[in-house]
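Encoded as structure tokens, the structure appears first; notes follow it.
The values are calculated or read from the model by the stated rules, or taken from the named source; none is laboratory data. These numbers were taken from a predicted model, which means no experiment stands behind them. Note that each Cβ is placed from the backbone with ideal geometry, even for glycine, and that neighbours are counted across all protein chains shown. Ligands, DNA and RNA are stripped out before the accessible areas are found, and what is left, the full protein with its side chains, is counted by its heavy atoms. Shrake-Rupley method; radii C 1.70, N 1.55, O 1.52, S 1.80 Å.
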Amino acid sequence: MIQTNCVESFPQWRTEARRLLRLGVRPADVRWQADPDQPSLFEDSSKGSEASQPIDESTGKPNGVASSETTVPRSFLDLAEKVACHRDAGRWELLYRTLWRILSEQRELLKITTDDDVYQLTQMQKAVTRDVHKMKAFVRFRKVADDPETFVAWHRPDHRIVRLAAPFFARRFKGMHWSIFTPDESASWDQSELQFGRGVPASQVDSEDSLEELWKTYYASIFNPARVKVATMKREMPVRHWATLPEAELIPELLEQAPTRVEKMIETHEGFGQTAMHFMPSEIDLPKLALAARQCSACDLCHAATQVVFGEGNPDSRIVLIGEQPGDQEDLQGKPFVGPAGQLLNECLSQAGIDRDDVYVTNTVKHFKFTERGKRRLHQKPNSREIYACRPWLEAELAVIAPKTIVCLGATPSQALLGRDFRITKSRGMRMQTEWCDRTFATWHPAAVLRMPDESRRFQMQEQLVGDLRIAASQA
């Protein structure tokens, strides 16, 4: 007998899934609907009745695959919470089928990335993660009241992601009263509590105010006509969001003025602020990113380095390791962490029970920076300008992979993701939250361990590196 279940949110689906699993209702016997006002033509009048479920003849009780003591892998719940925000109507059915298979067939199913259900769920998760990133980038607040100062924004995401993105805005704009409206749902913050409500159309959100003018002035000041690529602008700032971006109305005028401004910039040697965004491919995936990065000349490091060294490893990895920059051997071979520091990293990964083939390894800066001493090329720390120029490659890698855990190796990647005030000597091994991952750790860079002259201290740092990797892996 087919059952029909109407759910609107992840908590509702989780409650229904628990009930159905206890009753032993197979995925093929459940139809999931998102709109409770549109029941199926074949809806079963006995919905929710245990009498319609399979009965274990020996006990006389429903024959379920789960009980109150049954536990579900945390990794599945994390995945399901994001997939639940996807707009695909088949997400509830897919989630229930996968959960059924995890509990009745293969507990480690999510590790089989070639499985059709797991692959589909992973793609949905990545789409939702990318949409959350876009919302963080494209929401523009406008002041609508002075006492207290209150701000509103309207946004049109691809998926139902308001509850995933709202905590970021609560942290970033903790001292403001604000509301974000979308067609599906709204979120409001009163400096102490997040509240969620129904969605609203854009016409109900007020228009011009001084905040918009301030933002438009700022946008015009940072607009670089020498980097104008309309296709890239539309990709990074999709046209569907332009209606809510006050700076968008400036774009036609700025584009018209671009040739004249470029000539002036050439005359005055202006325009030092180029970044890797200038070289981003139109479609974002790891092979295309790696290919596009070969053409990157956003900073001067590309001129002396042998080649770009892009990240590599398992594209579906739950863990991403981020170093500072390629070393001498990495520069020559075109692969990250293959020199002495890479050998130590492999040793530490092995001691922590992590297979290097299961993780993704990359660097904050993709070109080798060095100074020559005779025939030797000695490492030089990249400066803030070079880190800033290369940052879009790292951000794109993290957006594609959507890792469960990030491990920053050394101060450079740690400060790039956690802020310039971060100190690895104070916060090493602590779990922290970033906009890229809820579980971000920082630990020693293997090269720092190798350079430590004191043997006992070097041994201690290596032990700490292994311990931090072990903790990170246990929470991935």
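Things worth noting here:
- Based on C-alpha pairs under 8 angstrom that are at least 6 apart in sequence, segment 429-475 has a relative contact order of 33 percent.
- Between segment 331-409 and segment 91-161, the alpha-carbon center distance in angstrom: 29 Å
- Packing, taken as the mean count of other beta carbons within 10 Å per residue, orders the peptides 397-408, 282-293, 333-344 from highest to lowest as 397-408, 333-344, 282-293.
- Charge context of T364, other residues only, Cβ under 9 angstrom, K/R +1, D/E -1: +1
- Heavy atoms of V132: accessible area, 1.4 Å probe, square angstrom to 10: 20 Å²
- Peptides ranked, highest mean first, by Cβ atoms within 10 Å: ranges 109-121, 379-391, 441-453: 441-453, 379-391, 109-121
- Expressed as a whole percent, the accessible surface of segment 376-476 that belongs to carbon and sulfur atoms is 48, based on a 1.4 Å probe.
- Cut-off 9 Å between beta-carbons: net charge of the residues surrounding P403, Lys and Arg +1, Asp and Glu -1: +3
- Once the 1.4 Å probe is applied to the protein heavy atoms, segment 287-360 comes out at 44 Å² accessible per residue.
- Here's how it looks for I354: its modeled amide H is under 5 Å from none belonging to a residue 5 or more places away or on a different chain.
- With DNA, RNA and ligands ignored, accessible area of R171 (1.4 Å probe; Å², nearest 10): 120 Å²
- Number of Lys pairs (Cα under 17 Å; 8 or more positions apart or on different chains) in segment 268-388: 6
- Taking amide H as placed 1.01 Å from N in the peptide plane, C6 has its amide H under 5 Å from the amide H of Q33, each at least 5 places away in sequence or on another chain.
- For the peptides 91-98, 360-367, the ranking by mean Cβ contacts within 10 Å, running from highest to lowest, is 360-367, 91-98.
- Amide H contacts under 5 Å for V144, placed H, 5+ residues apart: T150, F151, V152
- Relative contact order (%) - criterion: Cα under 8 Å, at least six apart; region: segment 103-185: 26 percent
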